[in-house]
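Peer 1: Below is a structure I'd like to ask you about.
The values are calculated or read from the model by the stated rules, or taken from the named source; none is laboratory data. Here the structure is a predicted model, which means the values were calculated and not measured. Virtual Cβ from ideal backbone geometry, glycine too; neighbours counted across all protein chains shown. What goes into the accessible areas is simple: the full protein's heavy atoms, side chains included, and nothing from ligands, DNA or RNA. Shrake-Rupley method; radii C 1.70, N 1.55, O 1.52, S 1.80 Å.
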Amino acid sequence: MAEITDFNEVRKKRQRKRMIRGIILVAAILLVTFVLSYFMNHDPYGGPKSFFQQFQSGSGYPVDAPGGKTKGMYSLDGLLVVVNDTDLLMYNNRGGKVFEVKHQMASPQINIEGDMMLMVDEGSKSYALYRKNTPIVDSKTDRVIYTGAVSLKGGFAIATRSDDYLSQVSVYGRNNQVRYTWNYSDKIITNLALSPSGDRLAVCAIFTQDGIIKTEMLLYYKGDLVGQRIFEDAFVCSLDFTDETSIQGITDRGTFLCTDKGKLLGEFDYKSEPLAAFHNSAQAVVLLLGDYRQMSGYEMVILNSNMTKRASTQINGTIHKLKADGKNAYVLAGNHYYQIDLATGKHLVEEKSEYLYDMQPIGRSIYAITNDQIVRMQQVQSDDRVTHGDIVPDHEEPGNIQEQPPSEGDVPKEEPSDGEGNVQEEPSDEDTTQKEETSDKEGDIQEEPSDEGGSAPEEAPSNAEGENAPTVPPTDSSGISPQDPGL
């Protein structure tokens, strides 16, 4: 007897097969895209949104600079973030602009962990939270902001003035709801750091005792005080959780590593050498020590994770910018750009860079900003030889950057800043003034351009919140110390 064919069942089987083939094809495309992105630019992959960003507008670098006065460049989970005096912009690795917004902040401080970014206006009341190029929170505090921090999971903390207290710290969830609040009647908050989960909080504050200014670090777990540490005659410039239970910090006299309850695990002493600049992150701790007026440069010291010295080298010229990733340190000093191998201290690159004002490593590329362009340069691998020519950005002819020597107004002047905390420009023959600027683990010293200087970076207003705010050294992952020339 002939079998009766169930056409509905046949159609269902065919639909299932087509669906399975489609899922396999999409998965294969995602896998190939991730592998190509990793090996071509080594940019982190952040899910479907990152996948579609690969196909967004962008025909490669260089691209036009956004104009205005640049306040900082940052890496946000593979995206290049550029902040100027009016706008926050994000670019993908093809040069496509994937986000742009007016920030209306006079002194923006950027704090980044993973794909989360907190932007606060030091000395004012505005703050905003982003997950990559997606805005999550845009709000204001009741009183002026001292500083802020964000966790890997999106919780964030903000230190402000208070109506009844000298300082107040509030910890928020990603929904902008306050989880905990602490008030301090005799302390001014200078630094905050959150653990990756957001459960642990480190607070650094200055206070006076018997006429002496001291720094105290207070450690909290889910709202409860679990430890504290006093720093005698030292100011904490930067704090960072390297993991859930370890904290590393930079002071003006040395570095330290401790547990989430304050037990000291390691430290490095500068031996009375002044701190000129630093980078502090879970990937690297890099210091520039010395007095430029005496040494015509600085000693770069690279530390291991336990705060012992790994390598050192000499950097010539006045420091403008210092940044680092897990393999290299990147420096703009004098009129030169340096790439330093963190494992050995070897100079992989030492080239002229009069036209670069700021830079940011992302993956295997270095993104830099000139008067009118954002350019991309390829990192030099440790087995490549040092060259001493002029810098030529990736995919750009030398003439695009090196046309005519900059006029006096085009050359950035030396200024301090806070933020990524590092930069000073090389002083010109004329006197230069330095001011302070901001960032998170990488707030840089921006130079104030003359009236002629196109989009050269500008110093941002001090992170002080008003007439009662203290004057303190920079508190970001990279910083310039007051002992630098011109400060």
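Peer 1: Give the residue, chosen from Ser124, Ser167, Ser162, that is at pLDDT 95 or above and over 22 Å from the mean Cα position of the chain (by Cα).
Peer 2: From the options Ser124, Ser167, Ser162, the qualifying one is Ser167.
Peer 1: Hey, another quick one. Could you check Asp233 against (1) within 23 Å of Arg174 (Cα to Cα); (2) surrounded by fewer than 23 Cβ atoms within 10 Å (Cβ to Cβ) and say which number it fails?
Peer 2: Among (1) within 23 Å of Arg174 (Cα to Cα); (2) surrounded by fewer than 23 Cβ atoms within 10 Å (Cβ to Cβ), Asp233 violates only (1).
Peer 1: Which of the following residues is touching a Phe, Trp or Tyr at 6+ places or on another chain (Cβ under 9 Å), closer than 26 Å to Cys204 by Cα, open to solvent by 10 Å² or more (accessible area, probe 1.4 Å) and among the charged types (D, E, K, R): Lys97, Lys140, Lys125?
Peer 2: Lys140
Peer 1: To continue, here is another question. Kindly indicate whether Glu273 is at pLDDT 95 or above, open to solvent by 10 Å² or more (accessible area, probe 1.4 Å) and not in a strand (DSSP E or B).
Peer 2: Judged against the criteria, Glu273 is a match.
Peer 1: Right, something else. Scan region 171-181 for residues that are surrounded by fewer than 19 Cβ atoms within 10 Å (Cβ to Cβ) and not β-branched (Val, Ile, Thr) and jot them down.
Peer 2: Gly173, Arg174, Asn175, Asn176, Gln177, Arg179, Tyr180
Peer 1: Can you confirm whether Thr344 is polar (S, T, N, Q) and either over 22 Å from the mean Cα position of the chain (by Cα) or at pLDDT 95 or above (or both)?
Peer 2: yes
Peer 1: Just for region 247-259: of the residues that are buried (at least 17 other Cβ atoms within 10 Å of the Cβ) and of a type in the set (S, T, N, Q), which one is farthest from Ala282 (Cα to Cα)?
Peer 2: Thr251
Peer 1: Against the conditions (1) without any contact (Cβ under 8 Å) to a residue 60 or more places away in the chain; (2) in a loop (DSSP other than H, G, I, E, B), where does Ser305 fall short? Just the number, please.
Peer 2: (1)
Peer 1: Residue by residue through region 308-318, note down the ones that are part of a strand (DSSP E or B) and modelled with pLDDT of 95 or more.
Peer 2: Of everything in region 308-318, those that are part of a strand (DSSP E or B) and modelled with pLDDT of 95 or more turn out to be Lys309, Arg310, Ala311, Ser312, Thr313, Gln314, Ile315.
Peer 1: Here is a follow-up. How many residues does region 78-121 hold that are assigned to a strand (DSSP E or B), within 24 Å of Ile145 (Cβ to Cβ) and among the hydroxyl-bearing types (Ser, Thr, Tyr)?
Peer 2: Total meeting the criteria: 0.
Peer 1: Going through region 58-77 one residue at a time, which ones are of a type in the set (A, V, I, L, M) and in a strand (DSSP E or B)? I'd like the intermediate steps shown before the answer.
Peer 2: Taking region 58-77 first, the residues of a type in the set (A, V, I, L, M) are 63, 65, 73, 76.
Val63, Met73, Leu76 - these are the residues of region 58-77 that are of a type in the set (A, V, I, L, M) and in a strand (DSSP E or B).
Peer 1: Now a separate question. Go through region 220-243 and give me each residue that's under 15 Å from Phe256 (Cα atoms) and either among the β-branched types (Val, Ile, Thr) or over 22 Å from the mean Cα position of the chain (by Cα) (or both).
Peer 2: Gln228, Arg229, Ile230, Phe231, Glu232, Asp233, Ala234, Val236, Thr242
Peer 1: Kindly provide the set of residues from region 230-255 that are touching a Gly at 6+ places or on another chain (Cβ under 8 Å), closer than 21 Å to Ile188 by Cα and at pLDDT 95 or above, ordered by number.
Peer 2: Kept after step one, since they are touching a Gly at 6+ places or on another chain (Cβ under 8 Å), are these residues of region 230-255: 234, 236-240, 250, 255.
Subsequent filtering for residues that are closer than 21 Å to Ile188 by Cα retains 234, 236-240, 250.
Residues satisfying the conditions are Val236, Cys237, Ser238, Leu239, Asp240, Ile250.
Peer 1: Quick check, is Gly262 open to solvent by less than 50 Å² (accessible area, probe 1.4 Å), over 29 Å from Asp115 (Cβ atoms) and modelled with pLDDT of 95 or more?
Peer 2: yes
Peer 1: Right, something else. Please note which strands (runs of 3 or more DSSP E) are completely contained in region 142-198 and include at least 2 residues that are in contact with a Gly (Cβ under 8 Å, 6 or more places away or on another chain).
Peer 2: Details: elements: 145-150, 156-160, 167-172, 178-184, 188-194.
In region 142-198, 156-160, 167-172, 178-184, 188-194 are the strands (runs of 3 or more DSSP E) which contain 2 or more residues that are in contact with a Gly (Cβ under 8 Å, 6 or more places away or on another chain).
Peer 1: In the list Gly211, Gly198, which residue meets the criterion of being crowded, with 22+ Cβ neighbours inside 10 Å and on the phi > 0 side of the Ramachandran plot?
Peer 2: None of the others qualify; the one that does is Gly198.
Peer 1: For region 291-307, which positions are open to solvent by less than 60 Å² (accessible area, probe 1.4 Å) and at pLDDT below 95?
Peer 2: Asp291, Tyr292, Gly297
Peer 1: Does Thr5 qualify as being modelled with pLDDT under 90, open to solvent by less than 30 Å² (accessible area, probe 1.4 Å) and over 30 Å from Leu322 (Cα atoms)?
Peer 2: So Thr5 does not fit the description; no.
Peer 1: I would also like to ask the following. Would you check if there is a residue in region 156-163 being in contact (Cβ under 8 Å) with a residue 24 or more places away in the chain and open to solvent by 80 Å² or more (accessible area, probe 1.4 Å)?
Peer 2: No.
Peer 1: A further question on this structure: When both residues are 6+ apart or on different chains and their Cβ atoms are under 6 Å apart, which pairs have a first residue that lies in region 85-103 and is farther than 21 Å from Ile362 by Cα, and a second that is of a type in the set (Lys, Arg) and not in a strand (DSSP E or B)?
Peer 2: Listed by first residue and then by second, the contacts come to Asp85/Lys69.
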